[in-house]
Amino acid sequence: EVKIIFEKESGIKIGLGNGTNYIYLWLNDKSINYSFPNKSKYFSLRSFTYKINDIIGCGLVYPPPNMTNKLPYIFFTKNGKQIGKAILLEKDCDSIKPFVGLTCCSIEANFGDNFFIYDVDKLCVTKEFYKEEEFK
């Protein structure tokens with residue numbers, strides 16, 4: 001999770017990637033994006049807004065071992081509440097790492113050293129995902 005401290009004509013991206021594949025929330029563009037070799041798409045979040053002191057998060061869920069037919073997925077949060085639907089990871093998702101991209105702004109990052117605003121104890125395997133055709 002990241003807390004927005006200061007912004008001025010800025011750009012903020014928060015997501016997960018492995019050097020080849022990336023899925024991220026681009027705050028200024030109000031969109032969820034994914035970028036794989038030879039394929040980049042986005043989903044517009046028209047009503048999304050944010051301000052200073054908002055806390056934006058990104059989560060990665062691997063289903064329990066007894067759910068062998070389920071895939072891992074990514075979701076995004078704002079102030080402890082999920083933004084939209086989750087995104088299934090159907091491509092290579094080995095060695096995924098969190099990242100934050102910043103331009104002219106300041107954040108306070110929490111990569112798990114402190115409690116998350118999003119209540120991970122209430123997390124369950126979701127059933128609502130964006131479909132491929134919802135992305136442009």
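Across the stretch 67-82, rounded Karplus estimates of 3J(HN,Hα) from the backbone phi angles (6.51 cos²θ - 1.76 cosθ + 1.60, θ = phi - 60°) give 10, 5, 8, 9, 9, x, 8, 10, 9, 10, 9, 9, 6, x, 10, 5 Hz, Gly and Pro being marked x.
Hey, got the dipole for the stretch 1-110? About the Cα centre, +1 on K and R Cβ, -1 on D and E Cβ, debye to the nearest 20?
Roughly 320 debye for the stretch 1-110.
For Ser31, the residues whose modelled amide H falls within less than 5 Å of its own, excluding neighbours fewer than 5 places apart on the same chain, are Trp26, Leu45. Measuring between alpha carbons in the structure, the pairs from Lys30/Lys131; Lys81/Lys127; Lys13/Lys131; Lys30/Lys97 lying more than 20 angstrom apart are Lys13/Lys131; Lys30/Lys97. GNM on the chain, C-alpha springs below 10 Å: top fluctuator among Gly84, Gly57, Gly101? Result: Gly101 has the largest fluctuation of those listed. Over the chain, Cα pairs under 8 Å with separation of 6+ residues give a relative contact order of 32 percent. Relative to its Kirkwood radius, the Cα radius of gyration of the stretch 2-128 gives an Rg/Rh of 0.95.
Read the figures in this text as sums done on the coordinates, not as results from a lab. Every value quoted in this text rests on a predicted model; they were computed, and no experiment measured them. Counting neighbours? That spans all protein chains shown, and the Cβs are built from the backbone with ideal geometry, glycine included.
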